[in-house]
Each structure stands twice: as C-alpha cells, then as structure tokens.
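Below: the structure, in structure tokens.
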Amino acid sequence: MALRIGVIGLGDVSMVHLHAIKSNENAKLVAVCDIDENKKDLVKDAKFYTDYNEMIKNENLDCVHICLPHYLHYPVTKEVANLGVNILLEKPLCLNVEEANKFKKLHDNTDSNICICLQNRYNKTTKHLLDIVNSKEYGKVIGIKGIVTWSRPTEYYDIKPWRGSMKLAGGGVMINQSIHTLDLMQLLGGKIDSIKGQVSNLLDYNIEVEDTASASINFSNGAKGLFFATIAYSDSSSVEIQVILEKGKFTIKDSKLYKSVDGEKVLIVEDDKLSGSKHYYGASHKEIINDYYNCLINNTKDYITINDAIPSIKIIDSIRTSSKDNKQILWG
C-alpha cells in the first residue's frame, strides 16, 4: 500500500517536493496545506487545507513534508511529531543553535521519523567524493574550500520580507544560500576544532541578515578549511567545493567532479540536473525523498537525522559569533 503523503507550505521549493512525490510509486499525495487560499488550485488531485492540524487529523497521513519559512520549522515540526506523523523537513534545520538544542531534545523524545532535506548529500559528485576521501587512496585531507558567489536582487527580500529578518530567517547567505556547502564541508572534513569568521553586508539592501560571509575552519584531522559566500555577485555562479588530499586534488564545479593529479584534470562524474528556473536546487530532492520513503516502508533509520543537520547550524552560529566578538571560536 502506498504511503499517504501531505505537504505543508506551497512556496517555491514545495513544487520540487510535489513533483518527486507524484513520481514515486510508493507514495500517494493525499492533501496539501497553505494559509493562502489563493493557492487552492495549485495542486490537483489532493485535498486543500488552510490548517495543518485539521489536515493531519482528517487524512491519516504516513508522512508530512514541511516546506515553510525558517522560523516555523521547529514549532510546526514539534507539533506534527507530537501528532505521531513522520516528517521530511526542508533545510535549514532551524534558526540557530538554541533551536537546534530544542530539536535534539525532540529527536530524543519522539517516535516520529524526522528526516532533514540536505539533498546535496545525494548528488553523484558528493557521494563519489566522499568515497574517495573515506578510501584513503589519495592520503589524508589537507584542505577544503567552499565557494558560493550568487546574486539576489533587493526584490528577493521585498517579495518575502521574512528572508531579511534575523528573527524570522536566522541569517542570510549562510543559512539560505550556503547551508548545503557548509554541510558538505563538515561532512568531508570531519570534526571541527575552531572557526574564525566574518559576516558583512556589501549591498545597500534594507535587510538585517548578512549578504556576505567568510571563514577559516580548522579541522581536528589537521585540514584547513576556507569558506566564502555572497549574494553580491552579478550572477549566480556554480558552487565550488574542493578537497585537497596528499596525493590529489578533487573539485566539484558546474555539477561535475574533477580529479587533478600531476597537473592533469579529469572528469570523474556529473550530477543529474534539475530543469527550469529552480535548477540550482539540484536534482537530488527526488533521491532523498525516495530513500526516506523506503526507510519508512522498511522501518529503518538510514536517513539524514536532526543530529546530522546540527553541525551546519553550529558552524553558522560560530561564524556569526566570531565576527561579532572578533575572535576564534573553539568547538568543544
């Protein structure tokens, strides 16, 4: 029998979720929810609600996708989990470390399966690079670089003002545009010893959140990390993640993984691409959703958990605190 699925929030990213749900033979989209009644006709063949509590109580759902603004992630996830429903939560996990600690407590005290949608872990390039790093074939990690140079006009914040509010968004370029890059950097580099970072605003936008951030990251294995992100560029360039090992250099750029050994650059693998205006989401939403549904069906826990998603939130908090206090932040 197919899983009965609901979606809370019909914003931009929900359309990617809806496509993946409808293409999965093990799932049936039963209901959707949004407070804006004008979105009632966006989704065909699913019952529309404006109250997610009512939707959950009426529809006997196996899983709910939460695609809401950041400030609603924790309260809505907690309420849905308390109703006994499994959850796939869009990134980021939450606003800050304080909320992450509340999420950890929720993780430890709920029977609901809560998967966090850090879908770039499912990219072919990411999985292949992780295999290379973990194999030790090219020696230990020496350096990791993550670069995000994107463009966002002032209208991006004018249309949805919560994006420019620290209280509602939890930050700017780090938590919104760069959360996947930071997640992959710590996944590749391992445990972190310390971070020194800066946040700033290069653009003359009327927002509280940062539009630019940089950081030096010291990993426990001795590797040196460099992170830079901005939305102040003229266009949204490809994200670049590079790992330098003792015997080779590997770079993900333009959704392709390259190997550079002895000056030779070789293409190893290329990611599947998402078509349309939201191509920068990548094509791995479908992969993570399919994998999570299989976990629910087979009663396994091999999905991205709350605890897996906490490090990237901690990195962001550390960079912000380091910038504010102008000092290195040590990790315990």
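Numbers at a glance
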item	result
Some residue of the range 112-119 being closer than 20 Å to Ala169 by Cα, at pLDDT 95 or above and open to solvent by 10 Å² or more (accessible area, probe 1.4 Å)	no
The range 268-286, subset over 25 Å from Ile231 (Cβ atoms) and open to solvent by 80 Å² or more (accessible area, probe 1.4 Å), residue modelled with the highest pLDDT	Lys286
Some residue of the range 154-161 being part of a strand (DSSP E or B) and modelled with pLDDT of 95 or more	no
Filter result for Ile144 (more than 24 Å from Leu226 (Cβ to Cβ), open to solvent by less than 10 Å² (accessible area, probe 1.4 Å), of a type outside the set (Lys, Arg) and outside any helix (DSSP H, G or I))	no
Answer from Leu245, Leu226 - the residue that is over 18 Å from the mean Cα position of the chain (by Cα), in contact (Cβ under 8 Å) with a residue 40 or more places away in the chain and open to solvent by less than 40 Å² (accessible area, probe 1.4 Å)	Leu245
Any hit, the range 285-295, residues being part of a loop (DSSP other than H, G, I, E, B) and either without any contact (Cβ under 8 Å) to a residue 40 or more places away in the chain or not aliphatic (A, V, I, L, M) (or both)	no
Whichever residue in the range 155-209 is within 15 Å of Cys94 (Cα to Cα) and of a type in the set (Lys, Arg) and, among such residues, is least open to solvent (accessible area, probe 1.4 Å)	Arg163
Set Lys253, Lys265: member being of a type in the set (D, E, K, R), in contact with a strand residue (DSSP E or B) (Cβ under 9 Å, 6 or more places away or on another chain) and surrounded by fewer than 15 Cβ atoms within 10 Å (Cβ to Cβ)	Lys265
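The values are calculated or read from the model by the stated rules, or taken from the named source; none is laboratory data. What you see is a predicted model, and the numbers here were worked out from it, not measured in a lab. Because the Cβ atoms are built from the backbone with ideal geometry, glycine has one as well, and the counts that use them run over all protein chains shown. Calculation scope for accessible area: heavy atoms of the full protein, side chains included, ligands and nucleic acids excluded. Shrake-Rupley method; radii C 1.70, N 1.55, O 1.52, S 1.80 Å.
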